[in-house]
Amino acid sequence: LCLYTGMRLGEACGLRWGDVSPDCNIIYIRRTLQRLPGAEGEHKTALVLDTPKSRSSARAIPVPARLRPLLERARAGEGCFLTGEETPMEPRRFQRRFKSALREAGVADINFHALRHTFATNCVNLGCDAATLARILGHSDVAITLNTYVHPSFEAMRAIVDRNSESA
């Protein structure tokens, strides 16, 4: 889901079924789950379910058609999280399960956030404009999207200079 929507880990952990449209067409990012430093004298860290990190982070993301049937089959009660539980999955546990899935699939180890980078780069390679991509990712500034999440390949650079020279 994160690879095909560009969601952040905390956004995925904070998703409830009430954040998914009835037809599984749209996911609404309304909250994020984070592990933050605890208050002085308390636990070292605490799980905090809060509003997204910025106003532009609260957004609607279209769900790819190929994922809709999977979401429809997994749907649980509106107040449940996407895991089907009434409590969210802890981000560290989510990451451990991700790493385990990579190992089982024989895929090279990557950081979970690499899914967001891959999503952004794939969108650009498919011709997505920067403003649309920034909106999907929840950025208020297109420059953040372009400078942080877009990783052009040498092949893409070669293709564009070749196409440019042919059009002259």
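Given HIS113, HIS117, HIS139, which one is surrounded by 10 or more Cβ atoms within 10 Å (Cβ to Cβ), under 27 Å from ILE61 (Cα atoms) and touching a Ser or Thr at 6+ places or on another chain (Cβ under 6 Å)?
Working: HIS113 fails: touching a Ser or Thr at 6+ places or on another chain (Cβ under 6 Å); HIS117 fails: touching a Ser or Thr at 6+ places or on another chain (Cβ under 6 Å).
On inspection, the qualifying residue turns out to be HIS139.
Could you run through the range 131-168 and say how many residues are under 21 Å from LEU9 (Cα atoms), in a loop (DSSP other than H, G, I, E, B) and out of contact with any His (no Cβ under 9 Å at 6 or more places or on another chain)?
4
Taking the condition hydrophobic (A, V, I, L, M, F, W, C), in a loop (DSSP other than H, G, I, E, B) and open to solvent by less than 60 Å² (accessible area, probe 1.4 Å), does ALA12 pass?
No.
Tell me the residue from GLU40, GLU104, GLU85 that is of a type in the set (Asp, Glu), surrounded by fewer than 11 Cβ atoms within 10 Å (Cβ to Cβ) and under 22 Å from ASP23 (Cα atoms), please.
GLU85
Among the residues of the range 20-64 satisfying the criterion of being β-branched (Val, Ile, Thr), in contact (Cβ under 8 Å) with a residue 24 or more places away in the chain and in contact with a Gly (Cβ under 9 Å, 6 or more places away or on another chain), which is nearest to GLY10 (Cα to Cα)?
Of everything passing the filter in the range 20-64, THR32 is nearest to GLY10 (Cα to Cα).
Cβ-Cβ under 6 Å, sequence separation 6+ or interchain: first residue in the range 1-19 and more than 20 Å from GLY77 (Cα to Cα), partner hydroxyl-bearing (Ser, Thr, Tyr). Which pairs?
GLY10/THR32
I'm told GLU72 meets every condition in (1) in contact (Cβ under 8 Å) with a residue 24 or more places away in the chain; (2) open to solvent by less than 70 Å² (accessible area, probe 1.4 Å) except one. Can you identify the failing condition by its number?
Exception for GLU72: condition (2).
The values are calculated or read from the model by the stated rules, or taken from the named source; none is laboratory data. Just so you know, these numbers come straight off a predicted model, no measurement behind them. So basically every Cβ, Gly included, is an ideal-geometry build from the backbone, and we count neighbours across all protein chains shown. These accessible areas exclude ligands, DNA and RNA; they are computed on the full protein's heavy atoms, side chains included. Shrake-Rupley method; radii C 1.70, N 1.55, O 1.52, S 1.80 Å.
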